[in-house]
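The values are calculated or read from the model by the stated rules, or taken from the named source; none is laboratory data. Note that the structure is a prediction, hence the values are computed from the model and not measured. Neighbour counts are summed over all protein chains in view; Cβ atoms, including those assigned to glycine, are modelled from backbone coordinates with ideal geometry.
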Amino acid sequence: MSAPTYDLVILGSGPVGCVLALGLARAAPHPDRIALMGPAPAARAPGQSIDPRALALNHGSRQLLRHLDAWPARAADILTVHVSQAGHLGRTLIDQAELAVPRLGSVVAYDDLLESLHAAVARSGVRHIAERPPRPQAGQPVTLRLADGPATSRLVLISDGAQPQGLRRDYDQQAVLATVRAASPIPGRAFERFTRTGPLALLPHPAGHDLYSLVWCARPAQAQALSTLPEAAFDHALQAAFGQRLGRLCRVGAASTFPLSLHAGPSLQGAGIVAVGNAAQTLHPVAGQGLNLGLRDAAQLAHILQPWLATPEQPVQPLLEHYARQRRLDRGLTLGITDTLPRLFATGNPLVRHACGLGLAAMDLLPMLRKPLARHLLQGQRL
């Protein structure tokens with residue numbers, strides 16, 4: 001049998017796939033035996049935005065990206081997070097000083113992050129195949145059908161964002177995304193406000209000190225109606241939902257929507273095939289944990305595969321099974337938090353909502369309740 005075309009192929013060139021490629025390239029004696037498949041970032045004019053998303057990257061993710069020389073030039077720091085519930089007393093404040101870190105995280109534009117990551121991949125020696133990733137055919141080695149013919153790989157890592165098969169929950173919500181300008185911005189402060197329709201988050205925006213990235217979760221019909229409102233009507237509705245903490249809020253540009261659901265499946269997809277990031281779990285955006293969890297997947301998998309990269313002819317499956325066991329706790333806790341919070345706070349039961357308000361107040365008064373959750377959101381569960 002002829003030698004495989006590659007030692008390792010990564011299917012998906014988004015942030016998680018790129019971080020995987022960069023982590024593996026640093027440990028590989030022959031980075032050119034690693035391939036990253038997926039389109040390159042689309043060309044854009046200065047100041048143009050192709051993808052409207054702004055991403056909240058926690059302290060651990062920022063450290064990882066800086067270590068990989070892939071941190072984008074523009075970022076807005078998050079120093080405190082204000083958590084509240086509309087219509088009820090009780091709130092909590094999570095502060096970077098209490099956790100002894102310079103910042104809780106940072107917000108970056110998706111376009112900026114992707115361009116920075118692809119520039120780092122171009123310097124890494126990894127081969128970039130700019131075509132749509134195919135579905136792998138399990139076997140040893142794994143077979144891939146490429147545009148110029150079949151290729152084989154000892155190991156395939158799927159990070160293409162395709163929804164995994166397994167656990168599924170439809171939240172009957174959509175997220176409204178927009179950029180808003182605040183008359184009285186609070187430097188470094190992010191807000192997570194739980195409303196009857198779902199969480200509403202305002203995050204410092206890297207494009208300006210008075211700009212915030214809005215993620216507003218609502219029932220699909222309401223979300224669609226909000227996204228098509230004229231700016232003045234949208235501003236009025238947002239002000240009523242959020243309050244006056246940042247003064248007058250004004251939308252800048254258009255709004256967009258996307259549906260929210262939970263999908264989670266096994267990391268191991270067959271012999272020599274592993275799913276990471278959104279290909280392993282797609283989360284509700286509450287607390288901004290989806291990408292951060294995916295980056296932890298990538299970092300841990302790259303670390304576990306380091307010894308195999310030096311001798312790729314050796315069996316890899318025991319290492320993959322070790323990876324799946326190590327990721328189980330972090331994945332389970334993060335899935336549980338992001339699945340429970342939006343459903344709990346959106347309940348119509350007044351007793352539950354009052355209990356949630358008391359819980360926020362208790363967290364604010366008692367660091368022993370606040371710190372474990374804050375640390376998990378800061379860097380995940382690490383073994």
(Q) So for the stretch 80-94 (the condition being over 18 Å from Gly125 (Cα atoms) and free of Cβ contacts under 8 Å to residues at least 40 places away in the same chain), does at least one residue qualify? (A) no
Q | Members of the stretch 30-63 found to be surrounded by 21 or more Cβ atoms within 10 Å (Cβ to Cβ) and either aliphatic (A, V, I, L, M) or farther than 30 Å from Leu305 by Cβ (or both), listed by number | A | Ile34, Ala35, Leu36, Met37, Ala54, Leu55, Ala56, Leu57
Q: Inspect all residues belonging to the stretch 234-254 and state whether any of them is of a type in the set (Lys, Arg) and more than 29 Å from Pro187 (Cβ to Cβ).
A: no
Q | Residue check, Asp77 assigned to a strand (DSSP E or B), surrounded by fewer than 20 Cβ atoms within 10 Å (Cβ to Cβ), out of contact with any Phe, Trp or Tyr (no Cβ under 7 Å at 6 or more places or on another chain) and at pLDDT 95 or above | A | yes
Q. Any residue in the stretch 276-283 that is part of a loop (DSSP other than H, G, I, E, B), in contact (Cβ under 8 Å) with a residue 60 or more places away in the chain and of a type in the set (A, V, I, L, M, F, W, C)?
A. yes
Q: Six or more apart or on different chains, Cβ under 8 Å: which pairs go from a residue in the stretch 190-210 that's part of a loop (DSSP other than H, G, I, E, B) to one that's surrounded by 21 or more Cβ atoms within 10 Å (Cβ to Cβ) and among the aromatic types (Phe, Trp, Tyr)? Could you list them?
A: His205/Tyr212
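Taking the stretch 295-336, which residues are assigned to a loop (DSSP other than H, G, I, E, B) and either without any contact (Cβ under 8 Å) to a residue 60 or more places away in the chain or farther than 13 Å from Ala28 by Cβ (or both)?
Thr311, Glu313, Gln314, Pro315, Val316
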Q | Gln140 vs. criteria surrounded by fewer than 18 Cβ atoms within 10 Å (Cβ to Cβ), closer than 27 Å to Gly265 by Cα, touching a residue at least 40 places away in the same chain (Cβ under 8 Å) and in contact with a helix residue (DSSP H, G or I) (Cβ under 8 Å, 6 or more places away or on another chain) | A | no
(Q) Which of the strands (runs of 3 or more DSSP E) found entirely inside the stretch 100-179 contain at least 3 residues meeting this: at pLDDT 95 or above, over 30 Å from Gly47 (Cα atoms) and out of contact with any Lys or Arg (no Cβ under 6 Å at 6 or more places or on another chain)? (A) 149-158
Q. When the residues of the stretch 1-14 are filtered to those that are touching a strand residue (DSSP E or B) at 6+ places or on another chain (Cβ under 8 Å) and either modelled with pLDDT of 95 or more or among the aromatic types (Phe, Trp, Tyr) (or both), which remaining residue is nearest to Leu65 (Cα to Cα)?
A. Ser13
